[in-house]
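Worksheet for the structure shown next.
The values are calculated or read from the model by the stated rules, or taken from the named source; none is laboratory data. Small disclaimer: the values here were computed from a predicted structure and weren't measured. No Cβ is skipped: glycine too gets one built from the backbone with ideal geometry, and neighbour counts run over all protein chains shown.
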Amino acid sequence: MKKKTGAGLPQLRPGTLLLSLFIFLHCFFTRAQVTIPVETKNTALVIKTDADGRPGIIYFGKRLSDPSEYQHIPGGFRRGDDYSGILNSAYSPAGSRNLVEPALQLKHSDGNLSLDLLYVTHSQERSPGGITFLKVLLKDSKYPVEVTLYYKVYAEEDVIEQWSEIRNLEAGNISMQKYASANLYLSAENYYLRHYHGDWAKEMNPDEVRLTSGIKVLDSKLGTRANLYQPPTFMVSLDKPATENEGRVLMGSLEWSGNFKMDLEVDPLNNLRIIAGINPFASEYTLKPRESFVTPAFLYTYSEQGKGLASRNLHRWARKHRVPDGEGSRLTLLNNWEATYFDFNEEKLAGLIKDTKKLGVDMFLLDDGWFANKYPRNNDRAGLGDWQENVSKLPSGLGFLVKEARASQVKFGIWVEPEMVSPKSELYEKHPDWVVRQPGRSEHLYRNQLVLDLSNPAVQDFVFGVLDNILTRNPEVAFFKWDCNAVIYNAYSAYQTNQSHFYVEYVRGLYKVLDRMKAKYPKLPMMLCSGGGGRVDYGALKYFTEFWLSDNTDPLERIFMQWEYSYFYPAITHDNHVTDWGKQPIKFRTDVAMMGKLGFDIVVSHLNEKDLKFCQDAVAVYKSLSDVIWHGDLYRLADPFENDFSSLMYVNDNKSRAVMFSYQVSNRYGSGSLSPVKMGGLDPGKKYEVKEINLYPGSRSSWSTPRVFSGEYLMTIGVNPEVNVRRSSVVMEISEVK
Ligand code: DGJ
């Protein structure tokens, strides 16, 4: 077939001819402007087509009670000339009149680079759970390329998930250079972006900057554990930096466990364009005729009452609609990683299983080092990929440990890192073509390992098989810690014919494996771990009940880190372990870990009598409070970045019970909570008893004797938890008195 060149009209198929005719008649004769409000309980995003049918965002903000009034809003927050007329595009196409960063950029089958998207139709479905599903169909005015914008609206939680689908109806292949999930348009005097950077053991460091004209890019090109340097989450305050309880703020997050890119562009009209999606870096994607590409969703919520409310919106959404068993319970645990590292045998583990029971937690979690024989996993330089029990460490196999756990009446969980391979492994020797690496170039390792090519279905089968075999042979295994400790260097797949599909197909391959796991083991809890928080996102949290925030478990560091993570992810998903990192007393370490899902990674037998008693009591206290921590609303009361101390509290749904955690974060003389801390989220009309709990054995405080206050008092005046250098962590229980 002769290759078409230039910008001429493409050949249309009969079906698409009819559709084009419809658009032509619709746009050029009727030219009706359509207003489409996308509304949650408190927020509205309003799309309106211009006279030619181009969809633009004319409003994003507080919802109006009369939706018919949206049509009066002056188009696209105009504050001057917009030469293109589409700065506010609901999905900016490249190559036609658009002059700014596109959401979709593609090459047609004839080599033409232009795209101009016009509205065709839209439809809306409501489902009983208060979820509305809106589809807006767009089509290029000349070429048979369609784009559907999807908006899944969770009205009650004030959350929207938005994604797009691009369909090739041309006779030949099209290739997409950029294919974003969402394109938003906000209007304010100023924009303050809070975004995050990090590295191993240094995750979630915030930076808050005023956006100036031009584009600020947040992105990752790491391939896997893609958010090691930067997570796909951010918030933007409008006009002025939002505080906990005041200000306009949008929180956003891309649901994708691979390379991402967010463009935040302050445009010539001083409006903010946000374009979020898969990173187009090295990822040009070809669509064959009749193929379509569905992007991952971009998730966002908007609040006019500060960051606290926005984060509670996300938490409620996550618990109810996203995280497996988000409204259920979690297993407290004892992990052996820091207790033994790779050095263990059956006897040692049997002892730790007994310690699990002694501590009072629900499960023993066996970490790295239990597998591989030809190249035993006795350190991190060998064995990944060879998932058979190591016969010298575990001669009686996992079955023995499962039995020991049963005898001690605790559950048994296990660590895996199934996406990875050590060059020193039988797997590597047998299947070099399953490994991500460039032919003819030297390998570059991260933690002495390489990544398996999950875009290859044979590798997907293998990875699924690793987990499935463990569960088939040991049906009592109750938990997986799914680790992932390497980034992708030398991205190349021996399986893919089109290398620029690799990064996308890797993540799709991973999701295929996780889909199979979910289908076969729907109730199995799993921890998403990546040597720290190098991976968490709401795409992965469809499958994982929880995640490992960081290998840095120094409790002082965690106060800051957990604070920032808590804006995006609810406490029920935070795996916090008490370890020997940090110099703080066991009470401080345990109190900090209690703010999420509590676990221990210590040598229980090394605890002195009082420390052990404290831990045992703390587990019991935690169990009695876990409903409030896991399912309650979070109120941040004193920001550790701005104070000598930090305070936050969780309040249950009917406001009858709450728990407040306070910590000293400064060493300076005289520092601490010098005045009362106002609480949040209580019922002003109720009476509450306030008392300190989780005290170290033998200690007392002025709060050991309960005092009663009204909710109004607690939220207007507050109470002083009296944290200071000597009293560095305080937990208070607040219970309704009838
Ligand atoms: C990194 C994890 O974060 C640790 O908890 C531990 O599981 C190690 N990997 C094991 O190699």
Open item on the list: If ASP263 meets every condition in (1) in contact with a strand residue (DSSP E or B) (Cβ under 7 Å, 6 or more places away or on another chain); (2) within 16 Å of the ligand (Cβ to nearest atom); (3) of a type in the set (Asp, Glu) apart from one, which number is that one?
Closed with: (2)
TODO: Considering every residue within region 593-612, establish whether at least one is part of a strand (DSSP E or B), under 26 Å from SER311 (Cβ atoms) and among the small types (Gly, Ala, Ser).
DONE: yes
Open item on the list: For the condition in a strand (DSSP E or B) and either in contact with a helix residue (DSSP H, G or I) (Cβ under 6 Å, 6 or more places away or on another chain) or of a type in the set (Phe, Trp, Tyr) (or both), what is the one hit in TYR622, TYR669, TYR663?
Closed with: TYR663
Open item on the list: Given the options ASN608, ASN576, name the one that is free of Cβ contacts under 8 Å to residues at least 40 places away in the same chain and under 26 Å from ARG194 (Cβ atoms).
Closed with: ASN576
TODO: Taking the residues in region 380-421 that are under 23 Å from HIS577 (Cα atoms), within 16 Å of the ligand (Cβ to nearest atom) and among the charged types (D, E, K, R) as candidates, determine which candidate is surrounded by the fewest Cβ atoms within 10 Å (Cβ to Cβ).
DONE: ASP380
Task: Residue count, region 591-622 (criterion: closer than 16 Å to SER550 by Cα and not hydrophobic (A, V, I, L, M, F, W, C)) - done: 4
TODO: Could you look through region 355-374, keep only residues that are in contact with a strand residue (DSSP E or B) (Cβ under 8 Å, 6 or more places away or on another chain) and of a type in the set (A, V, I, L, M, F, W, C), and pick out the one that is farthest from the ligand (Cβ to nearest atom)?
DONE: LEU359
Task: Qualifying residue in region 566-579 (condition: within 14 Å of the ligand (Cβ to nearest atom), touching a Cys at 6+ places or on another chain (Cβ under 9 Å) and within 22 Å of VAL730 (Cα to Cα)) - done: yes
- [ ] For VAL466, state whether it is more than 23 Å from the chain's Cα centre (by Cα) and within 16 Å of the ligand (Cβ to nearest atom).
- [x] yes
TODO: Output the residues belonging to region 67-104 that are part of a helix (DSSP H, G or I), aromatic (Phe, Trp, Tyr) and more than 15 Å from SER187 (Cα to Cα).
DONE: TYR70
Task: Residues that are of a type in the set (Ser, Thr, Tyr) and surrounded by 22 or more Cβ atoms within 10 Å (Cβ to Cβ), drawn from region 286-307 - done: THR295, TYR300, THR301, TYR302, SER303
Open item on the list: Restricting to region 142-181, name every residue that is in contact with a helix residue (DSSP H, G or I) (Cβ under 7 Å, 6 or more places away or on another chain) and farther than 16 Å from PHE298 by Cα.
Closed with: PRO144, LEU169
TODO: Go over the candidates MET595, MET526 one by one and state the one that is more than 13 Å from the ligand (Cβ to nearest atom), closer than 16 Å to VAL416 by Cα, of a type outside the set (Ser, Thr, Tyr) and over 11 Å from the mean Cα position of the chain (by Cα).
DONE: MET526
Open item on the list: Could you list, ordered by first residue, the pairs with Cβ atoms under 8 Å in which the first is in region 122-143 and at positive phi and assigned to a loop (DSSP other than H, G, I, E, B) and the second is of a type in the set (Phe, Trp, Tyr) and at pLDDT 95 or above, at least 6 apart or interchain?
Closed with: GLY130/TYR154
Open item on the list: Restricting to region 536-545, count the residues that are within 16 Å of the ligand (Cβ to nearest atom) and under 10 Å from the mean Cα position of the chain (by Cα).
Closed with: 2
- [ ] Give the number of residues within region 469-490 that are more than 12 Å from the ligand (Cβ to nearest atom) and either of a type outside the set (Lys, Arg) or under 22 Å from THR332 (Cβ atoms) (or both).
- [x] 14
- [ ] Please tell me if ARG377 is surrounded by 17 or more Cβ atoms within 10 Å (Cβ to Cβ), within 16 Å of the ligand (Cβ to nearest atom) and either of a type outside the set (A, V, I, L, M) or farther than 27 Å from ASN485 by Cα (or both).
- [x] yes
- [ ] Looking only at region 123-132, decide whether some residue is in contact with a Ser or Thr (Cβ under 8 Å, 6 or more places away or on another chain), at pLDDT 95 or above and within 28 Å of PHE281 (Cα to Cα).
- [x] no
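Yes/no matrix, rows are residues, columns are (1) surrounded by 16 or more Cβ atoms within 10 Å (Cβ to Cβ); (2) of a type outside the set (A, V, I, L, M); (3) modelled with pLDDT of 95 or more:
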{"position": "ASP653", "(1), (2), (3)": "no, yes, yes"}
{"position": "ALA658", "(1), (2), (3)": "yes, no, yes"}
{"position": "GLY681", "(1), (2), (3)": "yes, yes, yes"}
{"position": "TYR688", "(1), (2), (3)": "yes, yes, yes"}
{"position": "GLY718", "(1), (2), (3)": "yes, yes, yes"}
Open item on the list: When you scan region 546-562, do you find a residue that is hydroxyl-bearing (Ser, Thr, Tyr), at pLDDT 95 or above and away from the ligand (no atom under 13 Å from the Cβ), even just one?
Closed with: no
Open item on the list: Yes or no: region 694-714 includes at least one residue that is of a type in the set (Phe, Trp, Tyr) and without any contact (Cβ under 8 Å) to a residue 12 or more places away in the chain.
Closed with: yes
- [ ] Would you mind finding the one in ASN279, ASN270 that is away from the ligand (no atom under 16 Å from the Cβ) and buried (at least 22 other Cβ atoms within 10 Å of the Cβ)?
- [x] ASN279
Task: Every residue from region 333-354 that is away from the ligand (no atom under 16 Å from the Cβ) and buried (at least 22 other Cβ atoms within 10 Å of the Cβ) - done: ILE353
TODO: May I ask you to say which residue of GLY360, GLY383 is among the small types (Gly, Ala, Ser) and either closer than 26 Å to VAL604 by Cβ or free of Cβ contacts under 8 Å to residues at least 24 places away in the same chain (or both)?
DONE: GLY360
